[in-house]
Amino acid sequence: MTIAVLIVAAGRGTRAGGGLAKQWRPLAGKTVIAHTIDAFLAQNLTQICVVRDPECPVAAKILGAYPGLLLAKGGPDRSTSVRNGLVELRDHGVSRVLIHDAARPCVSAELIHAVLEALDHAPAAAPGLAVSDALWTGVDGFVTGTQDRSHLFAAQTPQAFHFDAILNAHVALQGCAADDVEVARKAGLPVRITPGDSNNIKITQPADFTRAEDILRNSMTSLPDIRLGNGYDVHRFGPGDHVVLCGVRVPHDRCLQGHSDADVGMHAVTDALYGAMAEGDIGRHFPPSDPQWKGANSAIFLRHAVALARSKGFQIGNIDCTLVCEHPKVGPHAEAMRDAMAAIMTLDRDRISIKATTSERLGFTGRGEGIAALATATLVRA
Ligand code: CTP
Ligand code: MG
């Protein structure tokens, strides 16, 4: 199933004030239309057609930043603009289409998914916001009556359709229609109402820019807080018969020297976690000068970093560790290392990667003088 997004951006924006049409103006760090396009791209809806005035150089420049877009020519009214976009999409194997106003840059992921899901049960669906204010009729500045609002909804976009059904409905349309729901209904299609969102405003008047800016800035600050950290460690070989790497005892003709058990991989992962929190490194939390850490099991350090992250409200997204040595061979032990790290970190093993490389016999690892380890960790806080 191919889902396309049709964004109509060929209006003049007269009510929003003179100058450049509203959809091309700056808003919260980018342009109005860039917020609108990005909202769909973020949902992996990448087949996008924008209907715009082909003579507008600002439009060309802004849309030029999105190489995969399809473009169609605007018409004198919104219905014609939509029809032009549908015709442009006709030969692209599209089965479902979302038709959206460029002037609604605050559209949310939930709203998009709700209309799309409704298309499994109906040929058309659109978000409607139940009217909550009392409604009056009025003439010459006086109230002449009240209106029952129990069956009234404010119409929003994106409005979603089975593609062939809405294309045929537009082609058959006589006269004009307020929106695509009206076009669909005139063609006899039932239209499902999905939940609207009071933040999904259509920028119409000049004051709407401030409101949209507030809504967008708020939703940006509620993005998950993602931290990335890296760690690097080296230990030198000494006499011995095994090394400990990522919690696994690996037989070898030498051991790794260090103050603790010298588990170089685990140290790099621990430092990556501390780094992601901007909490220094192992040496800061467990000073080598302190005799109590002599020969210590490195799992103590790793558990501390994991607990510190969780106490700050972070979840561990993943860790990735690379061990650099010619010998011992890490591959046969890598799965056991993932299991050992998963148990210490109480983390799913599919979030843990342990891999190894040689350094082509170059440098200190290549000469077999020691082992180096690099690690990356991500922390996520909602
Ligand atoms: N639209 C369009 N082609 C038209 C008219 C409108 O593509 N001939 C688009 C607008 O760009 C907007 C959406 O339809 O994204 C909703 O229309 P509206 O809010 O009325 O925008 P404008 O027509 O641009 O504004 P105004 O009516 O104030 O001039
Ligand atoms: Mg208009």
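The values are calculated or read from the model by the stated rules, or taken from the named source; none is laboratory data. Quick caveat: nothing in here was measured; it's all calculated off a predicted structure. Cβ sites come from the backbone with ideal geometry, for glycine too, and all protein chains shown count toward neighbours. Ligands, DNA and RNA are stripped out before the accessible areas are found, and what is left, the full protein with its side chains, is counted by its heavy atoms. Shrake-Rupley method; radii C 1.70, N 1.55, O 1.52, S 1.80 Å.
See the values below:
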{"item": "Residues satisfying the stated conditions in the range 356-377, i.e. closer than 19 Å to ASP271 by Cα, touching an Asp or Glu at 6+ places or on another chain (Cβ under 8 Å) and open to solvent by 50 Å² or more (accessible area, probe 1.4 Å)", "result": "THR376"}
{"item": "The range 106-127: number of residues that are of a type in the set (Gly, Ala, Ser), part of a loop (DSSP other than H, G, I, E, B) and out of contact with any Lys or Arg (no Cβ under 8 Å at 6 or more places or on another chain)", "result": "1"}
{"item": "Test: residue in the range 315-323 that is in contact with a Cys (Cβ under 6 Å, 6 or more places away or on another chain) and farther than 19 Å from MET277 by Cα", "result": "no"}
{"item": "Single residue of LEU98, LEU119 found to be open to solvent by less than 20 Å² (accessible area, probe 1.4 Å) and under 21 Å from the mean Cα position of the chain (by Cα)", "result": "LEU98"}
{"item": "Tally of residues being under 19 Å from ARG96 (Cα atoms), in a loop (DSSP other than H, G, I, E, B) and within 32 Å of the chain's Cα centre (by Cα) across the range 178-214", "result": "1"}
{"item": "The range 165-177 - residue that is without any contact (Cβ under 8 Å) to a residue 60 or more places away in the chain and over 33 Å from the mean Cα position of the chain (by Cα) and, of those, surrounded by the most Cβ atoms within 10 Å (Cβ to Cβ)", "result": "ALA169"}
{"item": "Candidates VAL94, VAL51, VAL82, VAL87 - the one that is assigned by TED's automatic domain parsing to the domain that holds ALA126, away from ligand 1 (no atom under 16 Å from the Cβ) and of a type in the set (Val, Ile, Thr)", "result": "VAL94"}
{"item": "Residues of the range 205-248 classified as surrounded by 13 or more Cβ atoms within 10 Å (Cβ to Cβ) and not charged (D, E, K, R), total", "result": "20"}
{"item": "Test: VAL191 is hydrophobic (A, V, I, L, M, F, W, C), open to solvent by 30 Å² or more (accessible area, probe 1.4 Å) and in contact (Cβ under 8 Å) with a residue 24 or more places away in the chain", "result": "yes"}
{"item": "The one condition in (1) on the phi < 0 side of the Ramachandran plot; (2) surrounded by 24 or more Cβ atoms within 10 Å (Cβ to Cβ) that ALA262 fails to fulfil", "result": "(1)"}
{"item": "Filtered residues of the range 84-116 (kept if free of Cβ contacts under 8 Å to residues at least 12 places away in the same chain and in contact with a strand residue (DSSP E or B) (Cβ under 9 Å, 6 or more places away or on another chain))", "result": "none"}
{"item": "The range 42-61 - residue that is open to solvent by 30 Å² or more (accessible area, probe 1.4 Å) and touching a residue at least 24 places away in the same chain (Cβ under 8 Å) and, of those, farthest from ARG217 (Cα to Cα)", "result": "ASP53"}
